[in-house]
Amino acid sequence: MATEATGGGGAAWSRFFALYTPAMKRFVQMIDYNHDPDDVVQQVYMHLVKILSERRYNAEKSRFRTFLKMLIRRQLIGIYRRDQSHGAEATVSLDDLPDTLVVQPDQGVALDLAWDKARHDAAVEHVLTKTALSAKTKAVYRAFVLEGKSAEEVCRQFGIDNNYLRQIKFRVEKAIALVEAELSDE
């Protein structure tokens, strides 16, 4: 569908979906606890294809990742409005809101930080599940970095020395940085 709408190559869209979908889902999960991230991401993709096919995205106005974050945010706002108009039970009581609603000046920074974390988490997951690293390398990285075990404990558990542990960490983090760079438009 995306390929037909935009005339882009199927392989490029497949690569885009494989890279961005996990980051987008994590981003939605971080800022919305009430809606299925798969549904939100699917709706965002439908809007994205339409916008790109109509050539409405302007790279001079914003970076792609900023554009994508705002597209996700707008999709969630649209969902909240539909929920409200259909009488869905509110997740926030009006009594809990202040008399004057103010947009915090650091809201953009908060969205950027959430996107960066989602992007990083998706890159880690991609490297640990979809790359040709050995099972031992992945297990060592998970134990040392993700589980926070001490270097001594990991070395003992896997029968490796500290230098090799550091090499594994460096190599995996380099691979993660490459995937993150693909998700970035800088």
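General observations
- The residues of segment 112-152 expose, per residue, 50 Å² of accessible area to a 1.4 Å probe.
- Put the Cα centre of segment 18-62 next to the Cα centre of segment 146-169 and the gap is 38 Å.
- Applying a threshold of 29 Å to the alpha-carbon distances of 61/138; 136/174; 25/169; 69/136; 61/169; 50/138 flags 61/138; 69/136; 61/169; 50/138 as lying beyond it.
- Each label point was placed 7 Å from the Cα along the Cα-to-Cβ direction; for residue 36 and residue 66 their separation is 3.4 nm.
- Relative contact order computed over segment 105-186 (Cα-Cα under 8 Å; 6+ residues apart), in percent: 38
The values are calculated or read from the model by the stated rules, or taken from the named source; none is laboratory data. Since this is a predicted model, take the numbers as computed values, not measurements. Neighbour counts are summed over all protein chains in view; Cβ atoms, including those assigned to glycine, are modelled from backbone coordinates with ideal geometry. Ligands, DNA and RNA are stripped out before the accessible areas are found, and what is left, the full protein with its side chains, is counted by its heavy atoms. Shrake-Rupley method; radii C 1.70, N 1.55, O 1.52, S 1.80 Å.
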